[in-house]
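Beneath this line is the structure, given in structure tokens, with notes to follow.
Derivation of every value follows stated rules applied to the coordinates shown; laboratory data play no part. This is a predicted model, so every value here is computed, not measured. Every residue, glycine among them, receives a Cβ derived from its backbone with ideal geometry; neighbour counts consider all protein chains shown.
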Amino acid sequence: MKNVALLAVACSLGASMPAAAQHVDWAVRTTLAFEADGPRDLGLADDDRSDNNFFLNLAPRAMVELSPNWTGYVRGRVFLPTGRVAPFDSGEPDDQTPSRAYAGINELWIQYGGFTSYPGEALRLGRQHIRQVDNSWWDQDTDALRWILDTTLLDAEIGVAHAFSTFRTDNVDVPIAQRDRTYYFGQIAADWRAENTIGLRAAHATGGSAPDGTRLQDSELTWAGVFFENGFYDILGADRRLAYSGAATYLTGRQKPFTATESQDVGAWQANMDLRLQLLEHIPLFVGGGYTWSESQFQQTGMQSNSSYFTGTGTLIGRYNETLQPQLGNLHIATAFVAVDFEADDASLVFSKFTRDDAFVPIITHALSVAPLNDSRDIGIGVDLVITHHFSREQRRQRLLDRGDAFTAPRRGSLISLRASAFKPGDAYGDDARTDYRILLEGTLWID
């Protein structure tokens, strides 16, 4: 029925679609990188190999303006690795298929903006990148139908999403966190005073899969939250000596655990508060920090990346340590950072301290293959250093597309970047655990 409904909408809109393109804008993002990953087992198991690999990532894209009201977009990928490559952020390849090359379609959508007179209003249908300001709820490619309204004082959207496929030549399945799930979501945000925004957002997910891939028929989860900020994540916003961001989210519903025969009720809170200060008025030197708190039953939507521009630079950085890569849930995370952002160069140094909310409940991390060994709440300390040199920067601010792919990202330009990350295990992993690390050296060239 969902497919029939989407098809009906597409057909009704397509009746007035123009036959020829008025303008085509294209580009190719080419990335050559070397990635070194330390042992995922912290020296505690047999998975103690280190991985050192190169990869080439080609990401061609084209935007087609069919008329003042109709726009189409396609973004693809050709990925050629020498071995297992794990993601540093949402723009990087994933490691579901180690040492395997593939080609795929990341986005393929069409949008219609003729319902109202607002230039920032449209209905978008197809495979698209859905992103929210902090990327803690949404920052993924998926199949969706969305209505978006972006005006000077009001920002709103409502939509439905379901990942039917990864659209890759290697036939990799949809990630377990998104598999067999349908999302209904929406948000609304407005300025309560100049350059200070407050908003509400919600998402409802039905279905899902257990860790072994078994479909869960009776799972329903609802996230409802409030967020507020004054351009904390906006690298093109007006200069602010003090920037802030905060959010609170409640998760409710029911879910069938992997080992259970019946569904269990879920109810948990998550909240965070972050501050960033520009120390000197005419020198782009920033210091900041924050605290993120999540109860033991909390879980994220499965569509998040947790990567953002939180340090005040134009480089996307993982919010919670690139080596550990945890998901929120049963974690308290204290963060401190210092950063500089000059015309051609930026750098960020980030420290993170991880503590469990409940010592008897596990945590979820993307990068590690071992779990805590005892009931200590001390998970460990993370350090991230990111240095980027921009050969050119192009500032872009196109309505409806700021929250999408890098083709219309706030800053686009060729660059070279070094990312170094380390995670020092805490008492929860015992005395024999070793420090893990990740290093990425990448060069990106835009061809357009």
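Going through the range 313-389, which chymotrypsin sites (Phe, Trp or Tyr not before Pro) have at most 10 other Cβ atoms within 10 Å and a DSSP loop state? Walk me through the numbers on the way to the answer.
Details: sites: Tyr320, Phe337, Phe342, Phe351, Phe354, Phe360; in loops: Tyr320, Phe342, Phe360.
Those satisfying the criteria are Phe360.
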Inset, instruction - List the residues whose amide H sits under 5 Å from the amide H of Ser67, counting only those 5 or more places along or on another chain, with H placed 1.01 Å from N in the peptide plane. - result: Gln22
Inset, instruction - Read phi for every residue in the range 123-133 and hand back ³J(HN,Hα) as whole Hz from Karplus 6.51 cos²θ - 1.76 cosθ + 1.60, θ = phi - 60°, with x for Gly and Pro. - result: 10, 10, 10, x, 6, 8, 8, 9, 9, 10, 4
Legend entry - Built amide H within the under 5 Å cut-off of Ala163, gap 5+: Asp143, Arg181
Legend entry - Spin-label zone in the range 285-328 - amide nitrogen under 13 Å from a point set 7 Å from the Cα of Phe342 along the C-beta vector: 285
Inset, instruction - Largest first and to the nearest Å, give the Cα extent of the range 242-331 along each principal axis. - result: 61, 23, 17
Legend entry - Residue-by-residue Karplus 3J(HN,Hα) for the range 366-371, coefficients 6.51, -1.76, 1.60, Hz, glycine and proline x: 7, 8, 8, 9, 10, 9
Inset, instruction - Search the structure for amide H atoms under 5 Å from the amide H of Leu331, placed 1.01 Å from N in the peptide plane, and list their residues when 5 or more places away or on another chain. - result: Ser294, Asp357
Inset, instruction - Go through the range 351-358 residue by residue and turn each phi into a ³J(HN,Hα) via Karplus (6.51, -1.76, 1.60, θ = phi - 60°); whole Hz please, and just put x for glycine and proline. - result: 10, 9, 10, 10, 9, 7, 6, 10
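Taking neighbour counts of Cβ atoms within 10 Å as a proxy for exposure, in what order, fewest first, do His282, His332 appear? Spell out each step's value before the answer.
Working: His282 6, His332 16.
The most exposed by this proxy come first: His282, His332.
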